[in-house]
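Here is the structure we will look at.
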Amino acid sequence: MTGAAPNTGWLKGCVVLDSKGFIKTGPDLSPDDLTAAGWPLTRAPYLLETSRRGIFAVGDIRSGNIKRVASAVGEGSIAVALVHQVLQQ
């Protein structure tokens, strides 16, 4: 069951994690999460963006992911497009 238990202890305090230790992204980040993390922008985080501007999470490590290789690949391709958006800003 690779990916069933996240190895994210080293990220605590860097990005917002859910109660199980998975990284919260995009719409899963509450206003309180963003305030506590010091979100610096007026826009909400993009779909796969973490509580740190320009840092994205995909695959098993992401809260709400369905834990399948195909979905991780798809999320990765979406993240590339989102990185391009961030770089254009």
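The values are calculated or read from the model by the stated rules, or taken from the named source; none is laboratory data. Predicted, not measured: the structure shown is a model, and the values here were computed from it. Note that we place each Cβ from the backbone using ideal geometry, even for glycine, and neighbour counts take in every protein chain shown. Just so you know, the surface numbers come from the protein's heavy atoms only, side chains and all, with ligands and any DNA or RNA stripped out. Shrake-Rupley method; radii C 1.70, N 1.55, O 1.52, S 1.80 Å.
Can you give me the number of residues within region 9-19 that are free of Cβ contacts under 8 Å to residues at least 12 places away in the same chain and either assigned to a loop (DSSP other than H, G, I, E, B) or closer than 21 Å to Gln89 by Cα (or both)?
Adding up the residues that qualify gives 2.
Modelled with pLDDT of 95 or more, over 12 Å from the mean Cα position of the chain (by Cα), polar (S, T, N, Q) and open to solvent by 70 Å² or more (accessible area, probe 1.4 Å): is that true of Thr35 in this structure? Even if it seems obvious, please write down each step before you answer.
Working: modelled with pLDDT of 95 or more: yes; over 12 Å from the mean Cα position of the chain (by Cα): yes; polar (S, T, N, Q): yes; open to solvent by 70 Å² or more (accessible area, probe 1.4 Å): yes.
Here the answer is yes, as Thr35 does meet what is asked.
Could you please find all residues in region 20-45 being touching a Ser or Thr at 6+ places or on another chain (Cβ under 9 Å) and part of a loop (DSSP other than H, G, I, E, B)?
Lys20, Gly21, Phe22, Lys24, Thr25, Leu29, Gly38, Trp39, Pro45
Scan region 60-76 and tell me whether some residue there is in contact with a Lys or Arg (Cβ under 7 Å, 6 or more places away or on another chain), open to solvent by less than 40 Å² (accessible area, probe 1.4 Å) and of a type in the set (Ser, Thr, Tyr).
The answer is yes; a qualifying residue exists.
So, in region 46-55, of the ones that are assigned to a loop (DSSP other than H, G, I, E, B) and not polar (S, T, N, Q), which residue ends up nearest to the chain's Cα centre (by Cα)? Break it down into steps so the answer makes sense when it comes.
Let us first name the residues in region 46-55 that are assigned to a loop (DSSP other than H, G, I, E, B), namely 46-48, 50-55.
When the remaining residues are screened for being not polar (S, T, N, Q), the result is 46-48, 52-55.
Working: Tyr46: 9, Leu47: 8, Leu48: 5, Arg52: 9, Arg53: 10, Gly54: 10, Ile55: 7 Å.
So, considering only residues that are assigned to a loop (DSSP other than H, G, I, E, B) and not polar (S, T, N, Q), the one nearest to the chain's Cα centre (by Cα) is Leu48.
Can you confirm whether region 58-67 contains a residue that is at pLDDT below 90 and over 12 Å from the mean Cα position of the chain (by Cα)?
Yes, because at least one residue in region 58-67 is at pLDDT below 90 and over 12 Å from the mean Cα position of the chain (by Cα).
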